[in-house]
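Quick notes on the structure that follows.
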Amino acid sequence: MQLSFRGQSYETSTPVVEATKTAETDTVLGKQSAKKQFSLSHRQQPATELIYRGVRYRR
């Protein structure tokens with residue numbers, strides 16, 4: 001997804017979320033629902049060279 005902030009365009013890294021049903025169930029307000037286990041893939045780290053108020057620096 002292409003976004004922009006203060007006139008600078010950048011590309012987002014959207015993590016992938018996978019949900020797997022488990023054998024566990026919950027009862028909330030008298031209704032049962034199945035629990036799910038979520039796993040996230042790691043996000044990409046931003047570039048090592050950054051700019052803050054016009055000054056370039058590295059991590």
Q) Once all Cα-Cα distances of the chain are split into 5 Å bins that start at 0, what whole-number percent is in each one? A) 4, 12, 12, 15, 12, 10, 8, 8, 8, 7, 4, 1
Q | Net lengthening on full extension, Glu24/Gln37 (0.36 nm per residue, minus Cα-Cα) | A | 3.7 nm
**Q.** Charge context of Thr22, other residues only, Cβ under 10 angstrom, K/R +1, D/E -1
**A.** +2
Q) Which of the GluC sites (Glu not before Pro) across region 8-43 are loop residues per DSSP, with 10 or fewer other Cβ within 10 Å? A) none
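Read the figures in this text as sums done on the coordinates, not as results from a lab. These numbers were taken from a predicted model, which means no experiment stands behind them. Backbone-built Cβ (ideal geometry, glycine too); neighbour counts: all protein chains shown.
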